[in-house]
Protein chains: 2
Amino acid sequence: MGTSIKNQANILLSPEALLEHWQGHRRVTRRMIEVFPEDKLFSYSIGGMRPFSELVMEFLGMGAPGMRGVATGKWDIPEHLAHHKPERPSSKKELLRLWDDSTDEINRLWRQTPSERFSETDRAFGQWEGPVYGFIFYWIDNEIHHRGQAYVYLRSLGIEPPAFYDRS
Amino acid sequence: MGTSIKNQANILLSPEALLEHWQGHRRVTRRMIEVFPEDKLFSYSIGGMRPFSELVMEFLGMGAPGMRGVATGKWDIPEHLAHHKPERPSSKKELLRLWDDSTDEINRLWRQTPSERFSETDRAFGQWEGPVYGFIFYWIDNEIHHRGQAYVYLRSLGIEPPAFYDRS
């Protein structure tokens, strides 16, 4: 079936390139936190949706905890995470500190992860089965999705958000 | 430098898996179009941002036109695209028809693309240099980003959006 020019070569995606892709998106999110007015960061909502700080806490609950599962094969289960929520930060400075700690931890755990691990099948947080790289795609996609929501919050406040395409 | 357990194995990401990832996201976007009230689809805005129909037209201008560049190595330049904009649809039915045509064309062009092509370096639309798979990541990410914006539009209209995690 199908054409004969197709073969089964995989895409040459290195773990390093995937990490850079993720951290590039995380840099955009960090700039969103920086530009968000501090008095709105923890409270501003449209349509009953969560404030941006809560979305950021969700990203933080997936990123480094997820990478611990990737690196070690041992996953915190979501229920466990829910019962041991980290301290809720109450300032932008504190939220940025948590963000930067998470950045460092993701990088550290990534360096500990053998390249082959990203292609293994596992069950993220004990629940979602698939290839490990697919979990990372999901965490990135989820961050883009909710960050897009925060772009509307900012625009509705009359504030220019950082450029989506700039991952520097 | 670094640990010795790290090696250079690439991630086992097949072209088929990347296409499925993209089309899964495109199915979510299609459900967003379906659930969006027709009278708001072409006009509703928050913070001066574009109506959802305009965002969808942007996705359509990247998806199949981008895949033509991927499949053939020949790119329409964005200026050219801007001067030859497709007819602006004025109904949800028409927008969904354009969406479905694009879905078919992406699948058709993907089948014509040799697997190795996704790992080549090229210049998307004559402008942005990088690996071909990176262009596809960008088109997916851009769709997630702006679709996240439309989730806020829907919520502010009191409408429950389709689940982000359901890619069926």
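Please check: in the Gaussian network model of chain B (C-alpha springs, under 10 Å), which one of B:Gly47, B:Gly130, B:Gly24 has the largest mean-square fluctuation.
B:Gly47
Taking 7 Å along the Cα-to-C-beta vector as the label spot, tell me the B:Tyr165-A:Glu54 distance in nanometres, rounded to one decimal.
Modelled inter-label distance: 1.7 nm.
Taking the range A:11-54, which GluC sites (Glu not before Pro) meet the DSSP loop condition and have no more than 11 other C-beta atoms within 10 Å? Can you show the working numbers first?
On the way: sites: A:Glu16, A:Glu20, A:Glu34, A:Glu38, A:Glu54; in loops: none.
When the GluC sites (Glu not before Pro) of the range A:11-54 are filtered for loop state and at most 11 Cβ neighbours within 10 Å, nothing remains.
Interface A/B, total buried accessible area with a 1.4 Å probe, nearest 100 Å²?
So the buried area, both faces added, is about 4300 Å².
Helix-derived [θ] at 222 nm for chain B: sum -39500 (n - 2.57) over DSSP H runs of at least 4, divide by residue count, nearest 500?
Estimated from H runs of four or more residues: -19000 deg cm²/dmol.
When each copy gets a label point 7 Å from Cα toward the beta-carbon at A:Glu129, what are the spacings between them in nm, shortest first?
4.5
To the nearest 20 debye, what is the magnitude of the charge dipole of the protein assembly as shown about its Cα centre, counting +1 on the Cβ of each Lys and Arg and -1 on the Cβ of each Asp and Glu?
Charge dipole of the protein assembly as shown: 140 debye, to the nearest 20.
Run through the other copies and list how far each one's label point is from that of A:Gly73, in nm with one decimal, shortest first; the point sits 7 Å from Cα along Cα-Cβ.
Those label-point separations list as 4.4 nm.
To one decimal in nm, how far is A:Glu54 from the same spot in the other copies, if labels go 7 Å from Cα toward Cβ? Please give the shortest first.
Here the equivalent label points are 3.0 nm apart from this one.
Using DSSP to define loop residues, name the GluC sites (Glu not before Pro) in the range A:104-168 whose beta-carbon has at most 15 other beta-carbon atoms within 10 Å.
Sparse-neighbourhood loop GluC sites (Glu not before Pro): A:Glu120.
Once you list every other residue whose beta carbon is under 9 Å from the beta carbon of B:Leu96, what net charge do they have if Lys and Arg are +1 and Asp and Glu are -1? Please report the intermediate quantities before stating the final value.
Values: positive: B:Arg30, B:Lys92, B:Lys93, B:Arg97; negative: B:Glu34, B:Glu94, B:Asp100.
Net of charged neighbours comes to +1.
Label B:Arg88 and B:Glu38 with points 7 Å out from Cα along Cα→Cβ: what is the distance between them in nm?
Taking the simple label geometry, B:Arg88 and B:Glu38 are separated by 1.9 nm.
Roughly how tilted is helix A:15-35, in degrees to the nearest 10 and between 0 and 90, from the longest Cα axis of chain A?
10 degrees
Given the rotation that superposes chain B on chain A, what residue of B brings its beta carbon nearest the axis, and what is the distance in Å?
Result for the axis mapping B onto A: B:Gly148, 1.
How much area per residue is accessible in chain A when the probe is 1.4 Å and only protein heavy atoms are counted (Å²)?
The answer is 46 Å² per residue.
Treating the angle as unsigned and between 0 and 90°, give the value, to the nearest 10°, between the Cα long axis of helix B:92-111 and the longest Cα principal axis of chain B.
Tilt relative to chain B: about 10 degrees.
The values are calculated or read from the model by the stated rules, or taken from the named source; none is laboratory data. This structure is a prediction, so every number in the text was calculated from the model and none was measured. Glycine also receives a Cβ, built like all others from the backbone with ideal geometry; neighbour counts cover every protein chain displayed. Surface areas here come from the heavy atoms of the whole protein model, side chains and all, with no ligands, DNA or RNA. Shrake-Rupley method; radii C 1.70, N 1.55, O 1.52, S 1.80 Å.
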